[in-house]
Structures are given as structure tokens and as C-alpha cells.
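The values are calculated or read from the model by the stated rules, or taken from the named source; none is laboratory data. Keep in mind it's a predicted model, so treat the numbers as computed, not measured. Because the Cβ atoms are built from the backbone with ideal geometry, glycine has one as well, and the counts that use them run over all protein chains shown. Quick note on the areas: whole protein, heavy atoms, side chains included, nothing else; ligands and nucleic acids left out. Shrake-Rupley method; radii C 1.70, N 1.55, O 1.52, S 1.80 Å.
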Amino acid sequence: MIAVLKQGATKQQRDSLCEWFKNMGLEVHISEGKYKTIIGLIGDTSKVDIELLESLSIIESVKRISEPFKNANRKFHTEDSVVDVGGVKIGGGNFAIIAGPCSVETREQVMAVAKAVKASGAKLLRGGAFKPRTSPYDFQGLKADGIELLLEAKRETGLPIVSEIMNINDIELFRDVDLIQVGARNMQNFDLLKALGKTDKPILLKRGLANNLKELLMSAEYIMAGGNERVILCERGIRTFETYTRNTLDLSAVPMLHELTHLPVIVDPSHATGISRLVESMSLAAAASGADGVMIEVHNDPERALCDGAQSLTPEQFDRVAKRVMKVREALS
Ligand code: PEP
Ligand code: MN
């Protein structure tokens, strides 16, 4: 349920109203926008007498929220959320290009890619240290050593880093990782989401291969319900009957999510297509669709990559894509 306050409501009036709600056992969220203050209520709101509430002099309107996601709901928080990732803002008009290898393989590889993508305008460096591979015989990532190499690349370039967590027991290893990624395969690992909700780290939550947007938002809700509101959503393609591409990029997810939620939404055209030559057009389309960023896989030697070489761009290809994406952004502004 949300209660919209009238413009003249004083802080004292607002506080005593919030106390009243809290005494009913409700969780209270205040969103102070430029024009409106919205009080969001979570819990059993059946006890709230709507008519009584509407009759109060400081109340403009009261509405029940039918969607099961509350904290993530735009009705709770009308303005775009801006998530600060190690000094880089994402959302609310702030666009970020995230780039780097699928997996961290060697110091030389991660350093070369980090320097190249930074020079081309990337704002964050990605790299997997824990890899969720379909086959147990494939490269599983350098794990803690991979995180160390990313941290070295961060010290060298100043780029904040993004890396995927797979296991709740590894949270401590990610203490200096700026943006913790929850991959598609773990989107509904609810214990992991709850544990991340107790941290103060920004979380990049990727859409599951076979999950709809409501399920994605409910997973975001798991993190936010624990107190961590710093969530960025990522559309990375879904499984359909099409087989020419690795997944099907659901680009309409971007404007739809922007309607439904205040959280930033980025697009991963690399995993969505699985084909490096399609990454440019889908990155441009993502920027045009209003995404708050793109995440692109880049490798210094894609043919020899230990993971996802076929969808990885060379640094030269990435340079062109990054420049063209920024041109789309300028054209829109
Ligand atoms: C990744 O970003 O490296 C990754 C494994 O992505 P996804 O979870 O979207 O497959
Ligand atoms: Mn990958």
C-alpha cells in the first residue's frame, strides 16, 4: 500500500503518521521526491482503515499495490534509483559501459583487457573468477586468485570491478569487489539473495534463462527486503525456440522494467547473442531502448579464450562499439 502526502505536510505530521503505521506492525518506506512524498507500507495492510487514512488532512491519496514486489516497485519510489558503484553512477540518466573478459585467465590477459577497455571509455571492468559452466570438465575459473588479479587491475587502472558470486560461503572474498554479480543460473538462489541483502554491496542481478520479469523483480525484492537497495537489473537474453543465437535478447524488457521499477536496467548483448558480430548492433539497440548501461565481453585473444570466445570482442572491435554506443546516447539526449 502507498500513501501519498499533500505538499504542505510537516515532518512532525509525517513522523506521527509513520509511528501509527509502525505500531500496526508495518514496515514503512519513505520516498521523498521532488514533487511528492510517498509512504510505502509493507506487511499485512488489511488492518489499515483506508477511509480513515484518506480522511486525514495530510493525505492526498491512498492506493493498494497489487504487484507482489514492493521495494522494487516504481509506485513506491517514483524517481529512478541511481546506484553508485565505486564512484561510477548507474541509472537516472547515468549510463555505464562495463567491459572485460568472460573469465579472468592470467595477469597479462586481465591487465591488457582492463587498460584497453578503459582507454575506449569503459567505466567498470568485468571478469569472472567463479564460472558457472554447463560442463564440469570446462574451466571453472581461477576463484580467489582471479579476484586478486581483478583487484590488481583495479589498482592499476582505477576501474571499479564486477565479478560473479556463486556461493554464499564466498561473500567475504568479494569484500573489495565493487559490484557483485548474481548470474542467470543463480537468479533464484534465494539463500544467496537473502545473504546479499544483508550486505551493503551493489548487486548486479541477471535475469534467469527462463524467468519472466515478475520473477526477476521478486528476486530483486529478496535482496531489497534484507535492507540492500543497491540493485541493478540485467537483461541477458532468454531461452526461446530460436537456435541461431545463443539466447533471445528481450529488449522490450528494458522499457517494461523501467515502467515497473525504479532500479537501473542494463543489457548484456554478449550472452544474449553468443555471437561477437551481433554484439555491436544489439549494444546500439540497447542504448536506444533506454538501458542504463551495457555489459560487453572483451578478450585480447578471443580465439584462445577459456570461456565464451565466440561472443567476445577484440579490444579494437570494442573500441568501435563503445564509441558508437556513446553516439546513440548523445543522439537521444
Ligand atoms: C557472465 O556474465 O559471465 C555470465 C555467466 O552470464 P550469465 O549468468 O548471464 O550467463
Ligand atoms: Mn561469459
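Assorted remarks:
- Residue 305 vs. criteria at pLDDT 95 or above, touching a strand residue (DSSP E or B) at 6+ places or on another chain (Cβ under 8 Å), among the hydrophobic types (A, V, I, L, M, F, W, C) and within 16 Å of ligand 2 (Cβ to nearest atom): yes
- Within region 67-104, tally of residues that are outside any strand (DSSP E or B), more than 20 Å from residue 255 (Cα to Cα) and open to solvent by 10 Å² or more (accessible area, probe 1.4 Å): 2
- If you go through region 239-281 and pick out every residue that is over 15 Å from the mean Cα position of the chain (by Cα) and closer than 25 Å to residue 303 by Cβ, you end up with 18.
- Given (1) within 13 Å of ligand 2 (Cβ to nearest atom); (2) free of Cβ contacts under 8 Å to residues at least 60 places away in the same chain; (3) not in a strand (DSSP E or B), index of the condition residue 131 fails: (2)
- Filtered residue count, region 167-180, keeping only those that are open to solvent by less than 70 Å² (accessible area, probe 1.4 Å), free of Cβ contacts under 8 Å to residues at least 60 places away in the same chain and not in a strand (DSSP E or B): 6
- Meets criteria (touching a strand residue (DSSP E or B) at 6+ places or on another chain (Cβ under 6 Å), at pLDDT 95 or above and away from ligand 2 (no atom under 15 Å from the Cβ)) for residue 331: no
- Output for region 271-298, where each listed residue is away from ligand 2 (no atom under 15 Å from the Cβ) and open to solvent by less than 20 Å² (accessible area, probe 1.4 Å): 283, 286, 287, 291, 292, 293
- Flag: residue 32 matches the condition of being under 24 Å from residue 220 (Cβ atoms), free of Cβ contacts under 8 Å to residues at least 40 places away in the same chain and of a type in the set (D, E, K, R).
- Within region 258-270, considering residues that are part of a helix (DSSP H, G or I) and either surrounded by fewer than 24 Cβ atoms within 10 Å (Cβ to Cβ) or among the basic types (Lys, Arg) (or both), the one nearest to ligand 2 (Cβ to nearest atom): 258
- Among residues of region 223-234 that are free of Cβ contacts under 8 Å to residues at least 24 places away in the same chain, none has a beta-carbon under 9 Å from a residue that is in a strand (DSSP E or B) and open to solvent by 10 Å² or more (accessible area, probe 1.4 Å) at least six positions away or on a different chain.
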